[in-house]
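Shown next, in structure tokens, is the structure this report addresses.
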Ligand code: IFM
């Protein structure tokens, strides 16, 4: 940090009673390989679908790519020092598949693995628990060329890659996430095409979702066999889905979107079955012929924890006849079979992504997963917000982001009070980074990154979060 002794600008924990979190609560921050590492062609790394996509004209804002990003590959030790100064108890990072297994098949790339060995050692040396995500969207390009996630074989390739990483890092890494947000990989990658690889076929999106989950199940089995002490989970991006009115038609729209956004993954992973209403909704898209005997048993291989990424709520309405109200908008084609459902803008405050700020939705989401699906420990593996940041006198006073964190941590605390076994919280993100199709135009970091100089400036929210961690709690309101 530039000046750790300087008090946080806003939202300081004062003398009030703390909202204390349970002892040992795992306070962390998260990043992902392609979003921060850079060094895209170094150390034997080969192309992923995101290299291809971002280098294709018109795919990302400003033609931005992850070629350099935050240059974390070269600045890793100094970034870990920053984490230590913030007092992080854990750091959630992802391994770049094309860095450790170039091309997505065959032997491991020792140089690639060595980077993650050094990262893990550096973290452990600073008393920071490494939390490793195996797949945060960077499929090796040759595997996409062979069919990508809609092809069944990709699931097996993912399990092979998992084994390589488990062999190299399993002695030092306790917490493992197989997939980050498979909804995005499947439905943005193969449905709307807003994400890599940019394909637009509803049936492919559904097949991709299934094979991602199959890969998850196979990876869990591989890890369990070779690293029995590891804590294994998956990270899902979940949303409360609320009907815009109490009409039966809007309730049905909400049911459909809930099935695609949430239950598509929750049910197979935690119950070993697809929801029957989802299958009926998707009848015009796919007959689910890609699901083979035994797949759902593999997909529902028991886990040790569930990771939840929470950002916002969906409010939805039935398709509108005739002229549509201004606040009703048609979502991009990432909802196969339900493209005609309208999403509704409520006029509540939004972040720079135009995502509505809805802290109570976090309690709802955590409570629902716990009540309807599992007694397993839950972790918020991502939560955060993009806002426009301005550097003034070398400081960034990101009051909006700080308020977002504060309100969502109050929700996390409320969820624990209501009996949810929430064991940790990871802010998204440690630092500003490549926000996928938005390039570098959206800043989610607690630490500001000047992409020209690569100077890092902890924002007010970072200093505030450091204090929350130090006190293991928040000031009462
Ligand atoms: O930046 C992403 C991250 O990679 C996955 N979860 C959502 C974040 C914000 O869009």
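The values are calculated or read from the model by the stated rules, or taken from the named source; none is laboratory data. Values in this document were obtained by computation on a predicted structure and should not be read as measured data. So basically every Cβ, Gly included, is an ideal-geometry build from the backbone, and we count neighbours across all protein chains shown.
For the condition under 25 Å from residue 31 (Cβ atoms), within 13 Å of the ligand (Cβ to nearest atom) and either part of a helix (DSSP H, G or I) or free of Cβ contacts under 8 Å to residues at least 60 places away in the same chain (or both), what is the one hit in 403, 386, 412? Spell out how you get there, then give the answer.
Details: 403 fails: within 13 Å of the ligand (Cβ to nearest atom); 412 fails: within 13 Å of the ligand (Cβ to nearest atom).
Within the list 403, 386, 412, the selection yields 386.
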Condition (residue is out of contact with any strand residue (DSSP E or B) (no Cβ under 7 Å at 6 or more places or on another chain), closer than 23 Å to residue 382 by Cβ and away from the ligand (no atom under 16 Å from the Cβ)) applied to segment 137-157: is it met by at least one residue?
yes
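Each row is one residue, and each column tells you yes or no for (1) over 29 Å from residue 437 (Cα atoms); (2) within 16 Å of the ligand (Cβ to nearest atom); (3) crowded, with 19+ Cβ neighbours inside 10 Å.
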{"residue": "113", "(1), (2), (3)": "no, no, yes"}
{"residue": "116", "(1), (2), (3)": "no, no, yes"}
{"residue": "161", "(1), (2), (3)": "no, no, yes"}
{"residue": "174", "(1), (2), (3)": "yes, no, no"}
{"residue": "178", "(1), (2), (3)": "no, yes, yes"}
Condition check: touching a strand residue (DSSP E or B) at 6+ places or on another chain (Cβ under 7 Å) and buried (at least 24 other Cβ atoms within 10 Å of the Cβ). Does residue 91 satisfy that?
yes
Looking at (1) more than 16 Å from the ligand (Cβ to nearest atom); (2) over 17 Å from residue 128 (Cα atoms); (3) not in a strand (DSSP E or B), which is the only condition residue 465 fails?
(2)
So, in segment 315-327, how many residues would count as being surrounded by fewer than 21 Cβ atoms within 10 Å (Cβ to Cβ) and under 23 Å from the mean Cα position of the chain (by Cα)?
0
Does at least one position in segment 301-314 carry a residue that is more than 16 Å from the ligand (Cβ to nearest atom) and farther than 30 Å from residue 359 by Cβ?
yes
Could you list all residues from segment 428-461 that are away from the ligand (no atom under 14 Å from the Cβ), within 22 Å of the chain's Cα centre (by Cα) and in a helix (DSSP H, G or I)?
461
If you take the residues in segment 467-477 that are out of contact with any strand residue (DSSP E or B) (no Cβ under 8 Å at 6 or more places or on another chain) and either modelled with pLDDT of 95 or more or within 22 Å of residue 72 (Cα to Cα) (or both), which one is surrounded by the fewest Cβ atoms within 10 Å (Cβ to Cβ)?
470
Name every residue in segment 366-383 that is in contact (Cβ under 8 Å) with a residue 12 or more places away in the chain and out of contact with any helix residue (DSSP H, G or I) (no Cβ under 9 Å at 6 or more places or on another chain), in order of residue number.
375, 377, 379, 381, 382
Report every pair of residues separated by at least 6 positions or lying on different chains whose Cβ atoms are under 6 Å apart, first residue within segment 339-356 and more than 15 Å from residue 328 (Cβ to Cβ), second at pLDDT 95 or above and loosely packed, with under 14 Cβ neighbours inside 10 Å.
352/388
Those residues of segment 340-377 which are buried (at least 18 other Cβ atoms within 10 Å of the Cβ) and at positive phi, in sequence order:
none
Has segment 417-425 got any residue that is touching a strand residue (DSSP E or B) at 6+ places or on another chain (Cβ under 8 Å), closer than 25 Å to residue 66 by Cβ and in a strand (DSSP E or B)?
no
Somewhere in segment 356-368, is a residue more than 22 Å from the chain's Cα centre (by Cα) and more than 16 Å from the ligand (Cβ to nearest atom)?
no
Any chance you could count how many residues in segment 64-84 are part of a loop (DSSP other than H, G, I, E, B) and more than 24 Å from residue 54 (Cα to Cα)?
0
Report, by residue number, each residue of segment 38-61 that is within 16 Å of the ligand (Cβ to nearest atom) and free of Cβ contacts under 8 Å to residues at least 60 places away in the same chain.
38
Scanning segment 206-232 for residues that are closer than 20 Å to residue 366 by Cβ and either in a loop (DSSP other than H, G, I, E, B) or touching a helix residue (DSSP H, G or I) at 6+ places or on another chain (Cβ under 9 Å) (or both) gives 232
Condition first: away from the ligand (no atom under 15 Å from the Cβ) and under 24 Å from residue 181 (Cβ atoms). Now tell me which residues in segment 415-427 satisfy that.
415, 416, 420, 421, 422, 423, 424
With criteria (1) assigned to a loop (DSSP other than H, G, I, E, B); (2) touching a strand residue (DSSP E or B) at 6+ places or on another chain (Cβ under 7 Å), residue 195 comes up short on (2)
Where the second residue is assigned to a helix (DSSP H, G or I) and within 11 Å of the ligand (Cβ to nearest atom) and the first is in contact (Cβ under 8 Å) with a residue 60 or more places away in the chain and lies in segment 425-441, which pairs have Cβ atoms under 7 Å and are six or more apart or on separate chains?
431/36; 433/35; 433/36; 434/34; 434/35
For residue 132: the one exception among (1) touching a strand residue (DSSP E or B) at 6+ places or on another chain (Cβ under 7 Å); (2) within 16 Å of the ligand (Cβ to nearest atom); (3) within 20 Å of residue 455 (Cβ to Cβ); (4) not in a loop (DSSP other than H, G, I, E, B):
(3)
